[in-house]
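What follows is a single structure, written as structure tokens, with notes after it.
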Amino acid sequence: MRSPKPTLSLNDSRSVPHLVASSAATWAITLVDPRTLDGTGLRAYRAANAAFAAWMTWAVLSTENADMSRGARIGLTAGGAALGLASARWSERWDGRLHDALERRGARRPRLVLAAGSTALGVLGWWRARQDAAQEAEARGFVGSPASEGAGVPAEAESDGA
């Protein structure tokens, strides 16, 4: 029995295109120092963060919980965006503290350090999710990574040459 072929879309949180797009978004958002923004800029920055949180929530729920109803996914995604907006001031204060701490420790470009660190954490999380999914698939008797070609082929089918 074959499982459906995995999609390699931006909404598949285990796909390489998703990794590239989410890493680029993380990098770009983190390069912005919210303390330097005026009212309009700050609203745009917060909207970008909320949109990013919503997209990531949707992608992870779509990949990890494929059997979840669309309505539940929409509700949780809206909640992710709302949480992003609600925590904006706290997040911006934390960002400023990290930025200032890096400056005090001699970082010449603290925003680049923050962007690199945030992006690296995102890549690590993506890689770990793929590893976990591969282990789960193997435990169920499937060979191959769930995010790779040929995923979902039962081990006995592959050994039979099927």
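The values are calculated or read from the model by the stated rules, or taken from the named source; none is laboratory data. Only a predicted model underlies this, so the values are computations on that prediction, with no experimental measurement involved. Please note: Cβ atoms are built from the backbone with ideal geometry, for glycine as well, and neighbour counts cover all protein chains shown.
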Counting only residues that are touching a Pro at 6+ places or on another chain (Cβ under 9 Å) and surrounded by 17 or more Cβ atoms within 10 Å (Cβ to Cβ), which one in segment 103-133 is farthest from Leu19 (Cα to Cα)?
Ala133
Would you confirm, using the coordinates I've provided, whether Val32 is modelled with pLDDT under 95 and of a type in the set (A, V, I, L, M)?
no
Looking at segment 1-102, what helices (runs of 4 or more DSSP H) fall wholly within it and have at least 1 residues that are over 20 Å from the mean Cα position of the chain (by Cα) and surrounded by 12 or more Cβ atoms within 10 Å (Cβ to Cβ)?
39-64
Would you please list the contacts, defined by Cβ atoms under 9 Å and residues six or more apart or on different chains, that run from a residue in segment 31-43 that is charged (D, E, K, R) to a residue that is surrounded by 12 or more Cβ atoms within 10 Å (Cβ to Cβ) and not in a helix (DSSP H, G or I)?
Arg43/Leu37
